[in-house]
Amino acid sequence: MTEIINGESRLFSILGDPIRYARSPERLTAGFAARGHNGICIPAEVPEGALYEVMRALTLIRNVDGLLITMPHKFKVPAFCSTVSDRTKLLGAVSVARRNPDGTWHGDMLDGLAFVRAQMDQGAKPQGARVLLLGAGAAGSAIAIALLDAGASELIIHDSDESHTQKLLKVISGLGAGRVHSGPPDPQGCELVCNATSAGMAMGNALPVRADLLTATMFVGDVIAGHGLTPLLHAARAAGCRTANGDQMVEAGQELMLNFMLWG
């Protein structure tokens, strides 16, 4: 936490529900301090039905410079942004927003970049890899784009709601060049297994893939943060897999978010 909070402090808020697992408030605040910026990241638990009122209020508060967006708001915040990145245009989702010079919001989606960077930091090699992606929501969609940009040779997408998978396949049809298709949650023959579902956030959740199909040749990554080693990663490590967890994704995203918020 910054040692000085005063009337010149700039505010950055993370909006979500639930919010208690978020680690960005302390990490981003520490990152601002390390860069000599008088900024504070504040968690805000915002129910889905309250987003309009909250965004209107935050827009009116002139020392709120940036927003971090988590579920369930990622697909709704683009409507409040006057300008967005090409990733957000493609996905229709926002994970961060900052002020434009005229006081309006500019949105971007950094989840995919942060996830892939975390995998690579821990030894994954997406270039030329056959990848199973579990989950086609906001985070999964961003990860799909980042994996293709990182050179994945084949991307198999599975979501328990097939309509989500088909929507994502349509969105990225121009990027995959025949490398992308839907499939069952079967990791056999894959070098990377990427979980972008909520499986593991609650006790008793079923694994998104069968543990007995994991082998030591696979790298397994999970987006879930704030829960330590998830059941999926426990199973992966027991099988001899290398892994990356959601906390490592958060860490990998800190520099991306700081650069975005401070126009770095």
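What does the charge count around residue 211 come to, taking other residues whose C-beta lies under 14 Å from its C-beta (Lys +1, Arg +1, Asp -1, Glu -1)?
-1
Taking neighbour counts of Cβ atoms within 10 Å as a proxy for exposure, in what order, fewest first, do 182, 13, 141 appear?
By the 10 Å Cβ count, ascending, the order reads 182, 13, 141.
Determine by what factor the alpha-carbon radius of gyration of the chain differs from 2.2 N^0.38 Å, reporting the quotient.
In units of the 2.2 N^0.38 Å rule of thumb, it is 1.00.
Let me check against my output: what whole-number percent is the relative contact order of segment 169-244, with C-alpha pairs under 8 Å and at least 6 apart?
28 percent
In what sequence do 237, 98 fall when counting other Cβ within 10 Å, fewest first?
237, 98
Once label points are set 7 Å from the Cα along Cα→Cβ at both residue 170 and residue 63, what is their separation, rounded to one decimal in nm?
4.6 nm
Over the chain, what relative contact order in percent results from Cα pairs under 8 Å that are six or more residues apart?
16 percent
Count the DSSP beta bridges whose two residues both fall in the chain, then state the antiparallel fraction as a percent rounded to the nearest 5.
Percentage antiparallel, nearest 5: 20.
Need one word for segment 1-131: rounded, prolate or oblate. Basis is the Cα gyration tensor (sqrt eigenvalues a ≥ b ≥ c); a/c below 1.5 gives rounded, then a/b vs b/c decides.
Cα axes put segment 1-131 in the oblate bin.
Choose one answer from 150, 244, 34: the residue with the largest mean-square fluctuation in a GNM of the chain with alpha-carbon springs under 10 Å.
Its mean-square fluctuation being the largest, the pick is 34.
Once the Cβ-Cβ distance between residue 21 and residue 161 is put in as r, and R0 is 25 Å, what FRET efficiency do you end up with, to the nearest 0.05?
0.60
Could you tell me the number of lysine pairs in the chain with C-alpha atoms less than 15 Å from each other, where the two lysines are 8 or more residues apart or belong to different chains?
Counting lysine pairs in the chain gives 4.
How far is helix 111-121 tilted off the main Cα axis of the chain, in degrees rounded to 10, range 0 to 90?
In the chain, helix 111-121 runs at an angle near 60 degrees to the longest axis.
Which ordering of 51, 67, 132, 214 is given by a fewest-first count of other beta-carbon atoms within 10 Å?
51, 214, 132, 67
Go through 22, 43, 123 and say which Cα lies farthest out towards the positive end of the charge dipole of segment 10-142; charges sit on Cβ, +1 for Lys and Arg, -1 for Asp and Glu.
The one lying farthest along the dipole's positive direction is 123.
Read the figures in this text as sums done on the coordinates, not as results from a lab. Keep in mind that what you see is a predicted model, and the values were worked out from it rather than measured. As a convention, Cβ positions derive from the backbone with ideal geometry for all residues, glycine included, and neighbour counts pool all protein chains shown.
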